[in-house]
Amino acid sequence: MALKKELGLLDVYAIAMGTTISGGFFLLPGLAYAVAGPAVIISYLVAAVLVVPAMFSMVELTTAMPRAGGAYYFLDRAMGPLMGSIGGLGTYVVLVLKTAFALIGIGAYLSLFFPDLPIIPVALVLALAFGGLNLAGAKKTGSFQVILVVILLIIVAWFMGDGLFSIRASHFGAFFDAG
């Protein structure tokens with residue numbers, strides 16, 4: 001049975017961009033800054049350089065084998081069904097853990113505005129809500145993701161505009177002291 005392609009380029013782009021912005025911009029920088037200090041900027045640059053070869057590999061594979069299934073399909077065709085199954089299971093586990101991280105992060109952010117709000121129950125309610133949205137179909141999920149990404153980009157633009165006037169050389173003192 002072939003999977004039906006319901007997502008367009010904008011939908012897929014929004015899903016990838018939303019994941020990157022929400023996790024990489026809203027959740028991780030505070031944790032990374034706690035470990036690396038101001039040198040976290042270099043950490044992000046190194047990570048960006050390391051992602052490029054993987055990105056080009058995925059683009060090449062997707063062009064060569066334009067079918068639904070992603071990493072599972074590529075591994076299945078290249079190394080056989082066992083490796084495809086292991087890769088597919090690994091991708092599933094990564095997505096579950098990434099989703100849990102994001103949901104707890106959303107709950108933590110909401111608790112900043114609503115201090116009495118318990119983080120884990122909020123994350124569970126959000127998981128059920130997003131799960132329900134996914135049951136509505138990929139097309140609706142993609143459209144919803146586009147709306148969320150537009151909101152994220154507005155927040156990022158506001159944050160950058162506001163933060164631009166807060167840059168001080170003193171913030172970058174002791175650049176490598178934290179590690």
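Observations
- Spacing of the modelled spin labels on LEU97 and PHE130, each 7 Å from Cα toward Cβ, amounts to 1.6 nm.
- The chain: most fluctuating residue of PHE74, PHE114, PHE26 per GNM, C-alpha cutoff 10 Å: PHE114
- Cα-based reach from LYS5 at 18 Å (exclusive), listing lysines while leaving out same-chain residues under 8 positions away: LYS139, LYS140
- The chain - mean residue ellipticity at 222 nm from DSSP helices (-39,500 (n - 2.57) per run, n ≥ 4, rounded to 500): -25500 deg cm²/dmol
- Residue (of THR63, ILE21, VAL96) at the positive-pole extreme of the chain, dipole from beta-carbon charges: THR63
- Note that the stretch 1-89 presents 70 Å² accessible area per residue, ligands and nucleic acids not counted, probe 1.4 Å.
- Computed about its Cα centre, the charge dipole of the stretch 1-148 is approximately 320 debye, with only Lys, Arg, Asp and Glu carrying charge at their Cβ.
- A DSSP coil position with no more than 16 other Cβ atoms inside 10 Å describes the following chymotrypsin sites (Phe, Trp or Tyr not before Pro) in the stretch 95-179: PHE165, PHE175, PHE176.
- Taking the longest Cα principal axis of the chain as reference, the axis of helix 138-164 is set at about 20 degrees.
- Label-point separation in nm, LEU45 to ILE155, each point 7 Å along Cα→Cβ: 2.8
- For the chain, the share of accessible area belonging to carbon and sulfur comes to 78 percent (1.4 Å probe, ligands and nucleic acids excluded).
- Taking each residue as 0.36 nm, the span from ARG77 to LEU89 lengthens on full extension beyond its C-alpha to C-alpha distance by 2.7 nm.
- Peptides 118-125, 15-22, 133-140 ranked from most to least packed by the mean count of surrounding Cβ atoms within 10 Å: 15-22, 118-125, 133-140.
- Using the Cβ-Cβ distance between ILE119 and LEU10 with R0 set to 25 Å, the FRET efficiency works out to roughly 0.20.
- Dimensions in Å of the stretch 46-162 - Rg and Dmax from alpha carbons: 18.0, 52
- Estimated at 0.36 nm per residue, the fully extended path between ALA174 and MET65 surpasses their Cα-Cα distance by 34.4 nm.
- Per-residue packing, averaged as other Cβ atoms within 10 Å, sorts the ranges 42-50, 84-92 into the order 84-92, 42-50, beginning with the highest.
- Residues PHE165 and THR20, FRET efficiency given R0 of 25 Å [Cβ-Cβ distance, rounded to 0.05]: 0.45
The values are calculated or read from the model by the stated rules, or taken from the named source; none is laboratory data. All of these numbers come straight from a predicted model, not from anything done at the bench. Cβ: placed from backbone, ideal geometry, glycine included. Neighbour counts: every protein chain shown. Calculation scope for accessible area: heavy atoms of the full protein, side chains included, ligands and nucleic acids excluded. Shrake-Rupley method; radii C 1.70, N 1.55, O 1.52, S 1.80 Å.
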